[in-house]
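Reviewing the structure listed below.
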Amino acid sequence: MARALTPWRGGPRDLTLWDMPLGRWFENFRREMDELFEQFFGPQPGRDLPVFAPRTNVAETEKEYEITVDLPGLKPEDFTVELKEGCLWISGQRKQEQQEEGKTYHRIERVYGQFRRVIPLEVPTDPDKIQAEYKDGVLRIVVPKAESAQPKKIPVKT
C-alpha cells in the first residue's frame, strides 16, 4: 500500500547511500524534501525562478589570469567588463524573446534577466594590458599580473 502512495524513482542501477558521494547525497535529499513540501503546501512564492548566471571558468598561470564566460546569444553591447576594487566585474542582461501569437509553446527553458559575475583577483594586475575577446558566444578575458606579483628567479652564487 505504501508503494502506491510513494512514486518509485529508483532503479537497479541507482547508487546506494554508501556508493554515492556525500555532497550528491545531500543534494538528492534536499531535492526530495523540496518536492515533498511542494506536494503538501504548493510551490513557494519566488522559489524556482530561473536565474541567468553564465558559466565561467577561471584559470591562473604565473603571468596571468584567464577567464572564459559562456554568453550565447548576446551581443558585445549587452554586457560590460570592468576592473574595480581588485575584482573583475562582468555584468549585463539577456533580454527575453517575445512569444509569438499562433504558436503553442510546449517548453520554455531558456533563462533571461540581468547577471553579474564578480571574480576576485588575488594579486595585483596590470589594468592597461587586459584583453577581452568575444567570439562564438564565449567571452575570453586575459588579465596579466603586475610585474611585482610575478615570481622572480634569484640567482644563487657559489
Output for Cβ contacts, cut-off 6 Å, separation at least six or different chains, first residue free of Cβ contacts under 8 Å to residues at least 24 places away in the same chain and polar (S, T, N, Q) in region 115-143, second open to solvent by 20 Å² or more (accessible area, probe 1.4 Å) and not in a strand (DSSP E or B), reads none
All conditions in (1) of a type outside the set (V, I, T); (2) closer than 14 Å to V69 by Cβ; (3) assigned to a loop (DSSP other than H, G, I, E, B) are true of E109 except (2)
Residue count, region 120-137, condition open to solvent by 50 Å² or more (accessible area, probe 1.4 Å) and outside any loop (DSSP other than H, G, I, E, B), comes to 9
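Each row is one residue, and each column tells you yes or no for (1) in a loop (DSSP other than H, G, I, E, B); (2) surrounded by 15 or more Cβ atoms within 10 Å (Cβ to Cβ).
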{"position": "P54", "(1), (2)": "yes, yes"}
{"position": "E62", "(1), (2)": "yes, no"}
{"position": "Q93", "(1), (2)": "no, no"}
{"position": "R117", "(1), (2)": "no, yes"}
{"position": "I141", "(1), (2)": "no, yes"}
{"position": "P144", "(1), (2)": "no, yes"}
_Based on this model, can you work out whether L49 counts as modelled with pLDDT of 70 or more and either loosely packed, with under 10 Cβ neighbours inside 10 Å or assigned to a strand (DSSP E or B) (or both)?_
no
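The values are calculated or read from the model by the stated rules, or taken from the named source; none is laboratory data. Just so we're clear, the structure is a prediction, and the values are computed from it rather than from any experiment. Note: ideal-geometry Cβ built from the backbone for every residue, glycine included; neighbour counts use all protein chains shown. Heavy atoms of the whole protein, side chains included, go into the accessibility calculation; ligands, DNA and RNA do not. Shrake-Rupley method; radii C 1.70, N 1.55, O 1.52, S 1.80 Å.
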